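Below is one structure, written out as structure tokens; comments come after it.
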Amino acid sequence: MLGVLRPGARRALAAAFLAVDQGARLYPAARGRRFARLEDQVADAYLSALLGRGDGLAALVQRLVSLVVMCYYALPDVQAEIGYQPDPYIAAAARRRMESYGAEIRAAEARE
């Protein structure tokens, strides 16, 4: 997913993750440790504190959290664990689409 971003956007995203990681050092309960080194409870409290600010930083952190969650659920092992199997659904939807709109699809492909 990150590969489709422009280089500047990738650098900005990396900088944002780095800022959140290193910024944890300023959070009193972190006792000078970066985010990646925090226990789960302290990490949750740090993120909650950032998200609770209600400002631009909170919006940035919410987007970073959303990105991490999306990437997590894209992992094949996680998808298997929660029973997410999109291929059969996609195949069924494609069949329904072809049954309903097959002539229009073929006509549009022929025009191209």
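The values are calculated or read from the model by the stated rules, or taken from the named source; none is laboratory data. From a predicted model like this one, the values you see are computed outputs, not experimental measurements. A quick note on method: Cβ atoms are made from the backbone with ideal geometry, for glycine too, and the neighbour counts reach across all protein chains shown. With ligands, DNA and RNA removed, areas are computed over all heavy atoms of the protein, side chains included. Shrake-Rupley method; radii C 1.70, N 1.55, O 1.52, S 1.80 Å.
Among the numbered criteria (1) open to solvent by 100 Å² or more (accessible area, probe 1.4 Å); (2) under 14 Å from the mean Cα position of the chain (by Cα); (3) among the aliphatic types (A, V, I, L, M), which single criterion is violated by residue 26?
Single failed check for residue 26: (2).
Which of (1) open to solvent by less than 90 Å² (accessible area, probe 1.4 Å); (2) under 30 Å from residue 105 (Cβ atoms); (3) of a type in the set (Phe, Trp, Tyr) does residue 89 not meet, given it meets every other one?
It fails just one condition, (1).
Which one of these is among the β-branched types (Val, Ile, Thr) and open to solvent by 60 Å² or more (accessible area, probe 1.4 Å): 61, 68? I'd like the intermediate steps shown before the answer.
Values: 61 fails: open to solvent by 60 Å² or more (accessible area, probe 1.4 Å).
Going through 61, 68 in turn, the sole match is 68.
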